[in-house]
Structures are given as C-alpha cells and as structure tokens.
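The block underneath contains the structure these notes are about, expressed in structure tokens.
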Amino acid sequence: MQNGIQDDEIVQLLWEREEEGIVQMQKKYQRYCSTIARRIVANEEDAEECINDTWLRAWNSIPPHQPENLAGYLAKIVRNLALSMYTKQHRKKRRGDIMSVALEELSDCLSDGREVSEEMEKKDLTDAIAAWLRGKSREQQAVFIRRYFYMMEIRELAEGLCMKENTVKSILFRMRKELKIYLEGEGIYL
Amino acid sequence: MRKDREKTGEEILLDAIGNLPEDMIAKAAEYSVFQKEAEEQGKRKEEGDIVFGEEEPEGRKAGHKYRKIVCRGLAAAACLALVMIAGNKGGELFRQYTDRHSIVSEKKEVGHQNAPRVSGGSLENSSKEKEQELKIWAEAVEDGKDKSKTKKESINNSSSQTSEESTDDNTAKEGKKELKEGVTKILQIEEVDSKEGEKVPVIKLTFGDEGGKLTYSLYSQVSKIISVTEGGVTKYVNLQDADCKSGGIVEFDTRRFAEVSWAAIPVPEWETKGIEIQNIINISIRQESGREQEIGKFVIGVKGEKYYGVFKKS
C-alpha cells in the first residue's frame, strides 16, 4: 500500500478503540470499497449504506479480529453486505445486470439431478474453492476472483489484464467446468 | 425442482466465493500484467531453461547421469594417453603441454570470472541499469504565459515541498518540464490526429534522456497509447502497451476514465484534493537480458478540466 499509514497501524488504532482508525480506514479504502459496492448495487444510496455499514462492521469486529490483510477483509465485508442488499431487492425478479449474469454463469458449476446438501458447511465449500484456486495460476485466480468476487464486467476485466474479451470468457468457461468437476470429486454437489 | 434449487446453488457458490481468504482476494485485485510476465518467466525456467549457478531439476539430473559417466571415462582415458605421450616423448613436451593447458584453464577461469553471472534470468552486473534514474518530462506542461499560473496551481504531495520548489531548476529541456518523483504537476492537453484521422486529446510525456541506451516498457492501464516518437520518427501504436527508447515521446489518450478499483490507492494525497485518477502507466526498464524491471508508475488524474500527473517510484 502506498498510503502514508500502514494497514497494521490502522488495525492497531481500531484495537485501541481510537476513532482515528475509522478515519484512516475510510481515507485509504473509501474508493476501493465503494467500487465494489457500486458494481453490485446500482443505486447510489444503497451503495453508500453498504459502505457505511462496512466501517461499522469493521469497527465492531476489530477486535476481536485482527485481519492480516485489511484490504481483503474490508472487501469481503462490503461485498457480502452489497450482495445481501441485492438479494433482498431482487428476490422476485432478476434483471440483466452484472449480478444476475454472474449468477447465471455460476450455474455451470452446479451438478444435475442431486439435492442440495443443506447440511453442507458453507466453510467446507469455501475451503474447497480456495484449495482449487490455489492450484491455478495467479492470472487464472485473478480472472476468477475479479469476476465472481469483485463482479467485474468482462470488458473491464479484459482491459485490466490486457487480454481479449473472448480469452477472458474462455478462461472463465473452462474454470467453471473444472470447478464443477473438482467439487464433485470432493463430494460437494450443488 | 431444478429451477427452484438452481438459484440456491448459485447463491451458495457466490456466498462461498465471498468468503475466500483475504490475501487471495487482495492479491487478485493487485495482480498486474507485470506479475503475469514474471509468472511466465518462472514457468519457462521451470520448463527447462537452466540458468547458470542454479541447480538442475532432479529429472534432468537423472537424465544426465549416463552422459556424466561416459564423459568421466573419456577424460580419464585422455589423461592416461597424455601421461603415456609425456613418458615417451620426454618431460619437456609434457611440461609444455601442461603449461599450455594450465594457461588455457587460467584463461577460462578469468573468462568465467569476467563473464556476467546470470542468476534467475537476470544479469547480476546489470546494477548500472538498476541505478539508472528515470527522468520524465511532460510536453508543454507550462508555456511562457501560463508558467506563473501553473506554478501556483501545482499540487504537492503530503511532503512539505512547496510548489515553487517543485518547479524551479527542472526546466531541463526547451518546452518541457521535468516531473520529479512524488510531485504533482499540472499537465496540458494537446489535440493530435490519430492514425484514423480523428482528433484525440493527449498528454505527451518524454521518458528518459535523449541518446540514452535504455528501453522503457510502458503499460497504460486505462487508455491507449496513441503514438511513440523516437529520433523524430513517429510510429502509431494505439495499444495499451508500447516500448520507447530513452528520449522517446509518448502520447497517451485521455478520453477514457478509470473504472477499475485499485486496492492500493496510488496517490492518496489526491483523495483530499478531489482529483480522480484517469490513468496509471506502469513503467519498466527492459534490460539487456530481456528481463523487465518495474521502476514506477506515472499516474494521471483529472479534476474539472485540469489534468495532473505524478511519478511514483516502485
């Protein structure tokens, strides 16, 4: 990070319950978090609400948590908040936006003809996906996570990684198929 | 049934992806084409390029086992033959031979010491290249009329350097202003004709001293590089990446704005000034070995109608 204050200093301030920690966190990660939120919830006010909730959650969760990677920690909070908001708003009807397209794409990873294992621990699934991703190149990891975590558009993703859009699409297509096979191999059927 | 649970399955997956490890998430956001190149270099090395001074992979070691035995046998036979020749033709001849042989060995030793040692695909004696300071000049940063005005408007970084300090003594070239590391300057926009004949608002930057031997690799993260001019010859590039030799003038398109999110804010001091990032240009030096070494970023920002630029070292 090139900002003046280091992440561990921010975390330390939060641990000491210093409000300056929030100020510094906002200063450093406002844009980063708002980009993530705005990709998922189109409405400006909703995005703002997600971001404000992110600071609050970070404040409430540090301590006891001591994130080793503050950027990733905040990204997870804001992304999951925005996702919940999106789900609430679009429970009945999906639009052709980035979220619904991403969800549609992820259906490639689902298994046919089996019941969803409700008792399956969410953590097991996350661990399996993380293990599978760790076996991929850094580039493949970046493509997959930028698409399905950061919800980046294909065009944006291709430009950011200096690739053709079709290359990105085919990487994602192959990865989704591989993930499905991997998860089934791990006994995880979705 | 399938439709009912399809939604659930997708959402479960999306939720699970949302809980991936934080380091993985942050690294994915920070991944750049430079890391991609480094990764590819590493892969090439793994696939077979053995670099001097490095141990060979196990598989290859085994492959060379028999060749080593044969070589050793041949060497032993050659030594035996030499001893026999020496014995037959007298000590003088043997001495002459061994003297010559030792000279050759010595020369080889010296040669080996003088030869650049290669490690990890890079030349260790490329420290000269590493020590090279990159100088960047902005074309038409300030013309005569606007000079005083621009000086006042120059925005400094969080350091205590004043804008007057940032502008003096750096008019290294006529009509160009040197952009010192960490100091934000106002850039001027010029309209140029693209290859297609359309008018494109560009920022012109000059990389390195004219006549220098370095080659810079540039990657414009957001908008395209319209052209590169070297030695008075302009070539149209119109791509996001381009090479330019020292003294090369590069035109960057300013029509597109950044939509990507940077986990690391490249110019935190701009946040409070309300300057939006328009583009980030990654700069690396292409070394003789072909390896690229990232040396910094040039960040272009915009506020209202004004464009700003700052060079940040890696």
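The values are calculated or read from the model by the stated rules, or taken from the named source; none is laboratory data. Quantities reported herein were computed from a predicted structural model and do not represent experimental measurements. Positions of Cβ are generated from backbone atoms using ideal geometry, with glycine treated the same way; all protein chains shown enter the neighbour counts. When the accessible area is computed, the model is the full protein with side chains, heavy atoms only, and any ligands, DNA or RNA have been set aside. Shrake-Rupley method; radii C 1.70, N 1.55, O 1.52, S 1.80 Å.
Of the residues contained in segment A:101-117, none is found to be modelled with pLDDT of 85 or more, more than 7 Å from chain B (Cβ to nearest Cβ) and within 15 Å of A:A42 (Cα to Cα).
Just to be sure, is B:S217 within 14 Å of chain A (Cβ to nearest Cβ) and either within 20 Å of the chain's Cα centre (by Cα) or part of a loop (DSSP other than H, G, I, E, B) (or both)?
yes
The lone criterion from (1) away from chain B (no Cβ under 14 Å); (2) touching a Phe, Trp or Tyr at 6+ places or on another chain (Cβ under 9 Å); (3) open to solvent by 70 Å² or more (accessible area, probe 1.4 Å) left unmet by A:N43 is number (2).
Of the residues that make up segment A:165-177, is at least one over 21 Å from A:I98 (Cα atoms), assigned to a helix (DSSP H, G or I), in contact (Cβ under 8 Å) with a residue 12 or more places away in the chain and over 19 Å from the mean Cα position of the chain (by Cα)? No - not one qualifying residue is present in segment A:165-177.
For segment A:138-190, which residues satisfy the criterion of being of a type in the set (A, V, I, L, M) and open to solvent by 50 Å² or more (accessible area, probe 1.4 Å)? Spell out how you get there, then give the answer.
Quick first cut of segment A:138-190, residues of a type in the set (A, V, I, L, M) only: A:142-143, A:145, A:151-152, A:154, A:157-158, A:161, A:163, A:168, A:171-172, A:175, A:179, A:181, A:183, A:188, A:190.
Passing the criteria: only A:I181.
For segment A:120-140, the criterion of a residue being among the β-branched types (V, I, T), modelled with pLDDT of 90 or more, closer than 26 Å to A:H90 by Cβ and part of a helix (DSSP H, G or I) is satisfied by at least one position.
Name every residue in segment A:70-94 that is open to solvent by less than 40 Å² (accessible area, probe 1.4 Å) and either part of a loop (DSSP other than H, G, I, E, B) or polar (S, T, N, Q) (or both), in order of residue number. Hit for segment A:70-94 is A:H90, nothing else. Scanning segment A:50-67 turns up no residue that is more than 17 Å from A:D7 (Cα to Cα) and of a type in the set (K, R).
If a residue must be of a type outside the set (S, T, Y) and out of contact with any Asp or Glu (no Cβ under 7 Å at 6 or more places or on another chain), how many such residues does segment B:241-256 contain?
Looking only at that region, the number is 9.
Entry remark, segment A:179-190: residues being away from chain B (no Cβ under 14 Å) and in a helix (DSSP H, G or I) number 2 in total. Do we find that B:K195 is charged (D, E, K, R), at pLDDT 85 or above and in contact with a strand residue (DSSP E or B) (Cβ under 8 Å, 6 or more places away or on another chain) in this structure? Criteria not met by B:K195.
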